[in-house]
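K.L.:
The structure's right below; bear with me while I get my questions together.
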Amino acid sequence: MLFFSFLLFPAAHGAISDTTNGDVSISPPPVQKETARDFYNAGTGKLRAGKLDDAETLLESSLAKQDERVQPAALFNLGDVRFDQGIEELKKSPDGAAKRTGSAIDIGTGAIAKATDALASNDVQQMVDAYLAGRGAQKEMRAATQAVQRALEAHGRTLLKWRGALGDFQSAAELNPADTNAAHNAEFAEQSIARLVDSLREMQQAAANLSDKQAELSGLLQQLKGKIPAPNAPPGGDGEDDNLGENGDHPLPESLKGLTESTGGGGHEMDLKISSDEAGQLLNSIQPDGKNLPLGGNEPGQPNARSGRIW
C-alpha cells in the first residue's frame, strides 16, 4: 500500500443551541453548505481509516465543487485511494491460478496422449482406462478454467482502478507542478499498469491453450465412448462430464478491452513509455500484506514524503 502524509484542513463547525425552555419553539438548524474542503477532510479521514469506497465518494464530491485550492490535494489522495482499491481487487485473484492452469494443461496433454493410444489399440480395457483418466482430467481443467477466469476478472478490475489512479496523479502534477510526489506516483502507477497488462496477456494465452486442450480431449473422449462396448462402459460413462461448461461449451475467457500500450484515442488506451523490464517489478512488488517494495522512493514501500502545507 502506498503511504502518504496527509494534512487535514479545519472543517467548519456549526453553532450549538443552548436553548432549554421547552415552551420555546426551536427551529431546525440551517442547512450548512458543504464545501470542497469539508468533503476533502472527510474523504481523507476515510482514506486514513482504510474505508476506500467512502473515501472515493467524498473526494469525488470535493472535486465536483471545482475549488482550485483543493483540487490538487483531492486528486492526489483520490489517486492513492484508487491505487489501493486496485491492490484489494488483485488480492481477490485465486491463489496459484497461473500455476494451476499450467498443471491442468499438462494433465490434459497426458490424457490426450493416453486416449490417442487407446483408440489406436482398440483394446477395450485400455480404452476404459483412458476414458476414466480423461474425465478426471476434464474436471481439473474445468476447475483451472474457472480459476483463471476469476483471476482475469480481478486483474481487469485492478487495471481500471490503476488507470484511474494514474489519471488522478497526472492531473495533480499538472495542477501543482511543484508537487514532485504526484509525478513520482504517476510514474509508479504507469509502471504497475504496464506489468499488469503483461500479466493479463500471459493469462489470456494460458486460458486459450487450456481451452484448446479441453476441446481436443472432449472429442477424443466422445470417440472412446462410441467404441467401448456397452457392457464395459464405466459407471457414469454417459458423457455428462465430456462437455466442459454448460451446453457443451468450451469457455474461452473474453479478452479484456483496451490493453494496448499505445495511444489510440477514446480515452481507453495509454502511451506507456517504459519497457516490460522496467515495469517488471509490479507483481513481485505487491506483497501479501498489501505493501509495496521500493520503486525508487526514499524508504521501503513509500514514495517521497510530502512536506509543508498544500496551500
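K.L.:
Of the residues that sit in the stretch 66-96 and are of a type in the set (D, E, K, R) and in a helix (DSSP H, G or I), which one is surrounded by the fewest Cβ atoms within 10 Å (Cβ to Cβ)? Please lay out each step first, then the result.
P.N.:
The first filter runs over the stretch 66-96 and keeps only residues of a type in the set (D, E, K, R), leaving 67-69, 80, 82, 84, 88-89, 91-92, 95.
Those still in the list that are in a helix (DSSP H, G or I) too: 80, 82, 84, 88-89, 91.
Details: ASP80: 25, ARG82: 24, ASP84: 20, GLU88: 17, GLU89: 19, LYS91: 13.
Only one residue tops the list, namely LYS91.
K.L.:
A further question follows. Enumerate the pairs (first residue in the stretch 212-230 and closer than 19 Å to SER121 by Cβ; second residue anywhere and among the polar types (S, T, N, Q)) with beta-carbon separation below 8 Å, excluding pairs fewer than 6 apart on the same chain, so at least 6 apart or on different chains.
P.N.:
Listed by first residue and then by second, the contacts come to LEU217/GLN138; LEU220/THR116; LEU221/GLN138; LYS227/ASN122.
K.L.:
Here are LEU90, LEU132: which of them is farther than 30 Å from GLY226 by Cα and not β-branched (Val, Ile, Thr)?
P.N.:
Values: LEU132 fails: farther than 30 Å from GLY226 by Cα.
None of the others qualify; the one that does is LEU90.
K.L.:
Considering only residues that are of a type in the set (D, E, K, R) and touching a Lys or Arg at 6+ places or on another chain (Cβ under 8 Å), look in the stretch 158-172 and name the one that is farthest from ALA206 (Cα to Cα).
P.N.:
Here is the first cut: in the stretch 158-172, the residues of a type in the set (D, E, K, R) are 161, 163, 168.
Subsequent filtering for residues that are touching a Lys or Arg at 6+ places or on another chain (Cβ under 8 Å) retains 161, 168.
On the way: LYS161: 24, ASP168: 33 Å.
So, considering only residues that are of a type in the set (D, E, K, R) and touching a Lys or Arg at 6+ places or on another chain (Cβ under 8 Å), the one farthest from ALA206 (Cα to Cα) is ASP168.
K.L.:
Further, regarding this structure: Which count do you get for residues in the stretch 137-187 that are under 30 Å from GLY102 (Cα atoms) and either without any contact (Cβ under 8 Å) to a residue 60 or more places away in the chain or not small (Gly, Ala, Ser) (or both)? Before the answer, list the steps.
P.N.:
Quick first cut of the stretch 137-187, residues under 30 Å from GLY102 (Cα atoms) only: 137-163.
After this cut, where a residue has to be either without any contact (Cβ under 8 Å) to a residue 60 or more places away in the chain or not small (Gly, Ala, Ser) (or both) as well, the list is 138-143, 145-153, 155, 157-163.
Counting residues in the stretch 137-187 that are under 30 Å from GLY102 (Cα atoms) and either without any contact (Cβ under 8 Å) to a residue 60 or more places away in the chain or not small (Gly, Ala, Ser) (or both) gives 23.
K.L.:
Can you find a residue in the stretch 189-203 that is among the hydrophobic types (A, V, I, L, M, F, W, C), assigned to a helix (DSSP H, G or I) and under 27 Å from ASP67 (Cβ atoms)?
P.N.:
Checking the stretch 189-203: at least one residue is among the hydrophobic types (A, V, I, L, M, F, W, C), assigned to a helix (DSSP H, G or I) and under 27 Å from ASP67 (Cβ atoms).
K.L.:
Can you tell me how many residues within the stretch 97-133 are touching a residue at least 12 places away in the same chain (Cβ under 8 Å) and not in a helix (DSSP H, G or I)?
P.N.:
Residues flagged as touching a residue at least 12 places away in the same chain (Cβ under 8 Å) and not in a helix (DSSP H, G or I) within the stretch 97-133 amount to 1.
Laboratory data are not the source of any read-out in this text; all were calculated from the coordinates shown. What you see is a predicted model; the values in this text were computed from it and never measured. Note that we place each Cβ from the backbone using ideal geometry, even for glycine, and neighbour counts take in every protein chain shown.
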